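All remarks here apply to the structure that follows.
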Amino acid sequence: MSKGRELSLFDSDAFFRSAGADRVGEDASRKLVEVLEDSAARIVFQAKILAGHAGRKSITREDILLAASMG
């Protein structure tokens, strides 16, 4: 995801630490950021379609939840 706010390596490290990792390589942090941003972009794209089908311009929490559950 190249547009908008990007997750930082600090954010990525925080995810690893909260999962119990003691040490994390920078390459692992960078890859996690890439995977999370790609997933977020797909979810937002699907949520936008769902909102449009419902006749709305605003994406709701429910749109995000449904889009995330779609895989």
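The values are calculated or read from the model by the stated rules, or taken from the named source; none is laboratory data. These figures come from a predicted structure and were not determined experimentally. Here Cβ is always computed from backbone atoms with ideal geometry, including for glycine, and neighbour counts include all displayed protein chains.
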Just one of (1) assigned to a helix (DSSP H, G or I); (2) modelled with pLDDT of 95 or more; (3) surrounded by fewer than 16 Cβ atoms within 10 Å (Cβ to Cβ) trips up ASP11, so point out which.
-> (2)
Working carefully through the options ARG23, ARG42, find the one that is loosely packed, with under 13 Cβ neighbours inside 10 Å and of a type in the set (D, E, K, R).
-> ARG23
When residues of the stretch 20-71 are filtered for being among the small types (Gly, Ala, Ser) and under 25 Å from SER8 (Cα atoms), how many remain?
-> 12
Check whether at least one residue in the stretch 30-45 is of a type outside the set (A, V, I, L, M), free of Cβ contacts under 8 Å to residues at least 40 places away in the same chain, touching an Asp or Glu at 6+ places or on another chain (Cβ under 7 Å) and in a helix (DSSP H, G or I), and report yes or no.
-> yes
Can you tell me which residues in the stretch 19-71 are over 17 Å from GLU6 (Cβ atoms), under 14 Å from the mean Cα position of the chain (by Cα) and β-branched (Val, Ile, Thr)?
-> ILE64
